[in-house]
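What follows is one structure encoded as structure tokens, with my remarks underneath.
None of the figures in this text is laboratory data; all of them are computed from the coordinates on show. Since the model is a prediction, treat every value here as computed from it, not as a measurement. Please note: Cβ atoms are built from the backbone with ideal geometry, for glycine as well, and neighbour counts cover all protein chains shown.
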Amino acid sequence: MGLKFILGISIMLFIILALSITAYLFIKNMTENIEEKLYLLNNDINNEKWLNASEIFKDITKKWEKAETIFPVLIDHDELHNLEISLAKISVFIKNKNKKELLVEINVALKLISSISEQEKLSLKNIF
């Protein structure tokens, strides 16, 4: 009975670890994609390429909508809410071509997306 118990616990731990790694890789991939697009958006805004910036933001929105279906299960809701607000502001600033406010908000969004990825990283800091 002792061997079966240890085997059962080992299998459960392996499954939990595998799911955790899969979730982390998904979060990392999605946050890196969004972060990359935010940097492209930042460059286009600096160069005042408003039409291209709108297209990049549409792509960011699509990626966010995909991530948004899974992230709430895995990530702190406050972080997600703050990023949603930031993305909403970016959308308005693009429509109004408000370069100054837009550049500030893109940096806020970059900090938030980086924070999400960092919080989900497997490390002793995040465990304790």
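Across every direction, the projection of the convex hull enclosing the Cα atoms of the chain has a mean area of 8.9 nm². Among the listed pairs Lys66/Lys111; Lys63/Lys100; Lys37/Lys62; Lys62/Lys99; Lys58/Lys97; Lys66/Lys95, those whose Cα-Cα separation exceeds 18 Å are Lys66/Lys111; Lys63/Lys100; Lys62/Lys99; Lys66/Lys95. Rounded to the nearest whole Hz, the Karplus-based 3J(HN,Hα) values (6.51 cos²θ - 1.76 cosθ + 1.60, θ = phi - 60°) of the stretch 49-60 follow the sequence 8, 5, 5, 5, 4, 4, 5, 5, 5, 4, 5, 4, with x at glycine and proline. For the pair Glu55 and Ser20, a Förster radius of 30 Å applied to the C-beta separation gives a FRET efficiency near 0.25, rounded to the nearest 0.05. Per-residue 3J(HN,Hα) values for the stretch 10-23, derived from phi via the Karplus relation 6.51 cos²θ - 1.76 cosθ + 1.60 with θ = phi - 60°, read 4, 5, 5, 5, 4, 5, 4, 5, 4, 5, 5, 5, 4, 4 Hz in sequence order (x marks Gly and Pro). The long axis of helix 99-120 is offset from the longest Cα principal axis of the chain by roughly 0 degrees.
Please give the contour-minus-distance gain from Tyr39 to Glu118: 0.36 nm per residue of separation, less the Cα-Cα distance, rounded to one decimal in nm.
Details: separation 79, 0.36 × 79 = 28.44 nm, distance 1.79 nm.
Fully extending the segment from Tyr39 to Glu118 adds 26.6 nm.
Which value in deg cm²/dmol, rounded to the nearest 500, describes the helix-derived mean residue ellipticity at 222 nm for the chain, given -39,500 (n - 2.57) per DSSP H run of n ≥ 4 and division by the residue count? It would help to have the intermediate numbers written out before the result.
On the way: 6 runs with 113 residues, N = 128.
Using -39500 (n - 2.57) per qualifying helix, the result is -30000 deg cm²/dmol.
Here the simple spin-label model places points 7 Å from the Cα toward Cβ, and for Val92 and Lys28 these points are separated by 3.6 nm.
Would you mind calculating the relative contact order of the chain from Cα pairs under 8 angstrom and at least 6 residues apart, reporting the percent as a whole number? Please report the intermediate quantities before stating the final value.
Numbers: 77 pairs, mean separation 38.8, N = 128.
Across the chain, relative contact order equals 30 percent.
Among Ala18, Ala88, Ala67, which one shows the highest mean-square fluctuation when the chain is modelled as a Gaussian network with alpha-carbon springs under 10 Å? With Cα springs under 10 Å in the chain, the top fluctuation among Ala18, Ala88, Ala67 is at Ala18.
Taking a straight Cα-Cα cut-off under 24 Å and skipping sequence neighbours fewer than 8 places away in the same chain, no lysines fall within cross-link reach of Lys4. Our coupling estimate for the stretch 80-97, obtained by passing each phi through the Karplus curve with A = 6.51, B = -1.76, C = 1.60 and θ = phi - 60°, is 5, 4, 4, 5, 4, 5, 4, 5, 5, 5, 4, 4, 5, 5, 5, 4, 8, 6 Hz, Gly and Pro reported as x.
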